[in-house]
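The values are calculated or read from the model by the stated rules, or taken from the named source; none is laboratory data. Since we're looking at a predicted model, the values are computed, not measured. Cβ atoms come from the backbone with ideal geometry, glycine included; neighbour counts cover every protein chain shown.
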Amino acid sequence: MVSLQEEKDMTCVICAGEIRKKKVFEEVKDKNNHLLVKVDAEVCLNCGERYYPSGVVDKLISLKESLRKRNLKLHEIGKVYELLKQ
């Protein structure tokens with residue numbers, strides 16, 4: 001577990017900005033299907049670079065495979081439309 005002091009000492013490798021723990025949404029895509037997943041991340045307050053705890057990326061990869069196979073129980077939260085012609 002990271003102490004509050006250690007968390008304050010962490011800096012972004014891109015811009016040296018301050019990093020804070022946050023809940024963020026990641027989008028998992030398979031063809032035209034999109035899944036929003038809320039995950040823990042450490043986020044740079046300056047440039048927005050995200051750092052994920054161990055296991056998060058593996059979880060997202062697994063969810064993508066499950067989305068492809070249609071093995072998930074999902075709740076539709078909206079629609080996406082494509083503009084055909086103007």
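For (1) farther than 30 Å from Leu74 by Cα; (2) modelled with pLDDT of 90 or more, each residue gets a yes or a no:
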| site | (1), (2) |
| --- | --- |
| Leu4 | yes, no |
| Met10 | yes, no |
| Val28 | no, yes |
| Asn32 | no, no |
| Val37 | no, yes |
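For segment 34-58, name all the residues that are loosely packed, with under 14 Cβ neighbours inside 10 Å and either of a type in the set (Lys, Arg) or assigned to a strand (DSSP E or B) (or both). Selection gives His34, Leu36, Lys38, Asp40.
If you go through segment 8-33 and keep only what is of a type in the set (A, V, I, L, M) and in a strand (DSSP E or B), you end up with Ile19, Val24, Val28.
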